[in-house]
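Read through the structure below, which is laid out as structure tokens, and then see the notes.
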Amino acid sequence: MGIRLVGIDLDDTFLDKEKKIPEENLRAVEEALALGIEVMPVTGRPLNSIPGYILGCAPFRHCIACGGAAAYSLPGRELLFEELIEQRVARELAGKLEEAGFIVNVYAGGIGYVNISEHKIAASYGRSPAIREYLLNYRTPVPDIYDVIEENPAGVEKLTASGPRDEAGRLIGAEKVLAVTEPYGEYVSVFYSPEISIEVNGKYATKGNAILRLAEMLGIAPEETMAIGDSANDLDMIRKAALGVAVSNASPDVLKEADAVVSSASEGGVAEAVRRFVLTEL
């Protein structure tokens, strides 16, 4: 069977380091969509933090957001399914992460929230000007993130923990997050994103699970899926898709797990993967 569904990570995969879309990536994705292939963004960003220039760059029909916590149909942004962190767990973990010295962001209803008193500080921890601008512009400052948790009795999509970095760009005290989250292993999954933060999702809210669930809804077999990514929160979909592809700028773990490696994000790796493994098979 050929590939009928392609899940593509955004940052440092579909987008280059400047958060721009290489022209060759866009052209290949448009060609695949025109032929009926389900090509979709699969991102750790909440829905409202995906700029219009990304969702509107091609006629995408679906999108997976917040690391697999929510899936939407496009362009109407109708919620198809979600996998949340229980309210109690989110409340407790947010408190313990703050006690450990981290700034906590809460994601709910497709929006990322941060305490207004920490908004600019949290943004300053981004590793590049593009990331710092993204964090400043796409986080909603609120008086108290715990109000967001209380306003969502069904649970929240994700928590992130951010803080200062060492000279190599690693989050200082990252091991504290693992110590805090370990007792909650039956409720959450944890991913380290060196570019921004540590991400805490619901136990089954992973990119891989979301791709397979959406594929089933669309009548697409697991054997007809492909995923393209670069970082820790992409590992699950790299493993679970029938064909897992890493861009060459991916982390060592992703490069090791991938079935194939293509050019870097800036060099049009997504276009290479789509043309090599999808379009040439039609």
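Where a number appears in this text, it was derived from the coordinates with a stated rule and is not lab data. Everything numeric in this text was worked out from a predicted model, so none of it was measured. Counting neighbours? That spans all protein chains shown, and the Cβs are built from the backbone with ideal geometry, glycine included.
Data overview
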| read-out | value |
| --- | --- |
| Added length on full extension, which subtracts the Cα-Cα distance from 0.36 nm per residue, Arg170 to Glu216 | 12.8 nm |
| Cut-off 11 Å between beta-carbons: net charge of the residues surrounding Ile37, Lys and Arg +1, Asp and Glu -1 | -3 |
| Pairs from Lys17/Lys158; Lys120/Lys256; Lys19/Lys158 whose Cα-Cα separation, in the structure shown, is over 31 Å | Lys120/Lys256 |
| Between 0 and 90°, nearest 10: helix 87-99 axis offset from the chain longest Cα axis | 70 |
| Chain lengthening between Glu151 and Arg61 when straightened (0.36 nm per residue, less Cα-Cα) | 29.4 nm |
| Global form of region 158-282, assessed from the alpha-carbon gyration tensor, a/c cut-off 1.5 | oblate |
| Computed [θ] at 222 nm, helices only, for the chain once each DSSP H run of length n ≥ 4 contributes -39500 (n - 2.57) | -8500 deg cm²/dmol |
| Fewest-first ranking of Arg77, Arg139, using other Cβ atoms within 10 Å as the exposure measure | Arg77, Arg139 |
| Rg to Rh, two decimals, where the chain supplies the alpha carbon set and Rh follows Kirkwood | 0.95 |
| Taking N as its residue count, the alpha carbon Rg of region 87-202 over 2.2 N^0.38 Å | 0.98 |
| Vicinal HN-Hα couplings computed from phi for region 15-28 (Karplus, 6.51 cos²θ - 1.76 cosθ + 1.60; Hz; Gly/Pro x) | 9, 7, 5, 8, 6, 9, 9, x, 4, 5, 4, 4, 4, 5 |
| Two-site label geometry, Arg77 and Ser128: point separation in nm, points 7 Å out along Cα→Cβ | 2.5 |
| Shape call, region 77-135: gyration tensor on alpha carbons, a/c limit 1.5 | oblate |
| Mean Cβ count within 10 Å, highest first, over the residues of peptides 117-127, 227-237, 155-165 | 227-237, 155-165, 117-127 |
